[in-house]
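The next block holds one structure in the form of structure tokens; read it before the comments.
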Amino acid sequence: MEPRISLELNWMTSHIEIGVCWILLNELKKAFREKGIAMSPGHGHLTDSLLMYGNSITRVHPYEWHLPLECFTDYYETENDIVLETGSGGIAEAEKVLLSLKATNIKIEEIEKGSFRLEFLKGNSNISRIIIIHILEYPELDKFQHTIVRGWREIDDEILRKFKKGETENTLWFETDLMRKWLVEFAPESMSDLVLLRALLHPDGMKLFPSILHRRQNPDCFPSSNRVDDMILKESYGFLVYEEQAVLLKQTGFSAESPLKRLAHKGHNIARTMFAVEAVAMTRQ
């Protein structure tokens with residue numbers, strides 16, 4: 001784990017704007033926690049960072065889920081949007097934290113409600129980079145305020161049984177009729193299966209679901225092996241579904257064609273699935 005942290009710190013040192021944003025996100029997280037404002041377990045490519053996880057800005061562990069650092073660094077070298085999701089009061093608290101900040105060579109303004117423009121200046125005038133921090137406020141997250149202290153729970157057999165029965169009414173991200181139908185047909189056995197179903201719930205991914213279901217129900221037609229590429233694609237039943245899989249395949253010298261026009265981001269879908277696991281668990285309390 002230490003080499004990964006060193007790699008991230010070195011990268012942030014050479015990308016000082018992201019390093020500053022990491023510090024600001026940590027300050028926002030502490031302010032939200034002090035005010036009892038719920039914060040989501042992660043959004044977008046923030047989930048690929050071990051430093052973000054270590055500072056509780058995200059709750060998706062990159063090592064446990066095989067999320068390569070390159071997904072984080074490649075994205076934030078080219079994009080300028082960072083997103084946090086909070087419950088009620090998140091925007092007002094973010095305004096207090098960000099707009100009161102006095103920093104040399106950084107200009108911060110709220111360009112629209114909940115969206116903060118950070119201009120990183122070279123000297124006194126030359127702009128080197130602009131980054132936008134978006135605070136998305138969802139009152140639906142208020143019911144997860146207890147997770148501020150206890151943390152997002154792990155899936156267990158009882159929760160998994162509810163998913164298998166499609167008992168996901170009033171959850172976030174797993175409540176649609178189509179998803180509930182998929183859950184009954186697929187009979188997921190793990191958190192990884194649930195993340196995969198969530199990642200397929202879009203027009204392109206829906207076309208792939210029957211093929212994955214067939215392999216799920218007929219394991220003999222999908223022989224496993226110890227080849228590196230087979231191990232990387234095992235979680236998605238041999239299909240290239242995630243951005244992270246493509247990066248890992250490239251690093252190990254393998255390649256694979258995907259039936260999807262656009263690969264899903266696994267870290268983001270893990271965070272979405274954590275919402276649903278928490279919501280389903282709450283129904284038994």
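There is at least one residue in region 127-137 that is under 21 Å from ALA276 (Cβ atoms), not assigned by TED's automatic domain parsing to the domain that holds GLU185 and not polar (S, T, N, Q). Beta carbons closer than 7 Å, at least 6 apart along the sequence or on distinct chains, pair a first residue in region 202-214 that is in a helix (DSSP H, G or I) with a second that is exposed (fewer than 12 other Cβ atoms within 10 Å of the Cβ) for ASP204/LYS261; ASP204/ARG262.
Being surrounded by fewer than 17 Cβ atoms within 10 Å (Cβ to Cβ), under 17 Å from ALA31 (Cα atoms) and assigned by TED's automatic domain parsing to the domain that holds LEU46: is that true of LEU84 here? Can you show your working first?
Numbers: surrounded by fewer than 17 Cβ atoms within 10 Å (Cβ to Cβ): no; under 17 Å from ALA31 (Cα atoms): yes; assigned by TED's automatic domain parsing to the domain that holds LEU46: yes.
No.
To keep it simple, each residue is scored yes or no on (1) among the polar types (S, T, N, Q); (2) under 10 Å from ILE57 (Cα atoms); (3) in contact with a Pro (Cβ under 6 Å, 6 or more places away or on another chain).
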| residue | (1), (2), (3) |
| --- | --- |
| THR13 | yes, no, no |
| LYS30 | no, yes, no |
| GLU34 | no, no, no |
| SER40 | yes, yes, no |
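Filtered by the rule that a residue be surrounded by fewer than 18 Cβ atoms within 10 Å (Cβ to Cβ) and within 10 Å of ALA264 (Cβ to Cβ), region 198-216 gives HIS202, ASP204. Candidates LEU194, LEU172, LEU178: the one that is surrounded by 17 or more Cβ atoms within 10 Å (Cβ to Cβ) and part of a helix (DSSP H, G or I) is LEU194.
Working carefully through the options VAL228, VAL241, VAL184, find the one that is modelled with pLDDT under 95 and among the aliphatic types (A, V, I, L, M). If you could, list the steps in order and put the result at the bottom.
Working: VAL241 fails: modelled with pLDDT under 95; VAL184 fails: modelled with pLDDT under 95.
After ruling out the rest, the residue left standing is VAL228.
On the stretch given as region 168-211, residues that are under 20 Å from the mean Cα position of the chain (by Cα) and aliphatic (A, V, I, L, M) total 10. Residues of region 141-156 that are assigned to a helix (DSSP H, G or I) and surrounded by fewer than 16 Cβ atoms within 10 Å (Cβ to Cβ): ASP142, LYS143, VAL149, ARG150.
Filter region 157-169 down to the residues that are assigned to a loop (DSSP other than H, G, I, E, B) and touching a residue at least 60 places away in the same chain (Cβ under 8 Å), then identify the one that is surrounded by the most Cβ atoms within 10 Å (Cβ to Cβ). I'd like the intermediate steps shown before the answer.
Initially, region 157-169 is screened for residues assigned to a loop (DSSP other than H, G, I, E, B), giving 165-169.
Remaining after also requiring touching a residue at least 60 places away in the same chain (Cβ under 8 Å): 167-168.
Details: GLU167: 15, THR168: 22.
For region 157-169, the residue satisfying everything is THR168.
Scanning region 181-191 for residues that are surrounded by 12 or more Cβ atoms within 10 Å (Cβ to Cβ) and under 25 Å from TYR53 (Cα atoms) gives a single hit, MET191. In contact with a Cys (Cβ under 7 Å, 6 or more places away or on another chain), within 30 Å of ASP156 (Cβ to Cβ) and not basic (Lys, Arg): is that true of GLU243 in this structure? Against the criterion (in contact with a Cys (Cβ under 7 Å, 6 or more places away or on another chain), within 30 Å of ASP156 (Cβ to Cβ) and not basic (Lys, Arg)), GLU243 qualifies.
Scanning region 58-70 for residues that are out of contact with any Pro (no Cβ under 9 Å at 6 or more places or on another chain) and in contact (Cβ under 8 Å) with a residue 12 or more places away in the chain, we see that the one that is surrounded by the most Cβ atoms within 10 Å (Cβ to Cβ) is LEU67.
Sort out for me the helices (runs of 4 or more DSSP H) sitting completely within region 7-91 that have 1 or more residues that are at pLDDT 95 or above and over 29 Å from GLN251 (Cα atoms). Please lay out each step first, then the result.
Details: elements: 16-34, 50-54, 69-78.
Here the list reads 16-34.
The values are calculated or read from the model by the stated rules, or taken from the named source; none is laboratory data. Keep in mind it's a predicted model, so treat the numbers as computed, not measured. No Cβ is skipped: glycine too gets one built from the backbone with ideal geometry, and neighbour counts run over all protein chains shown.
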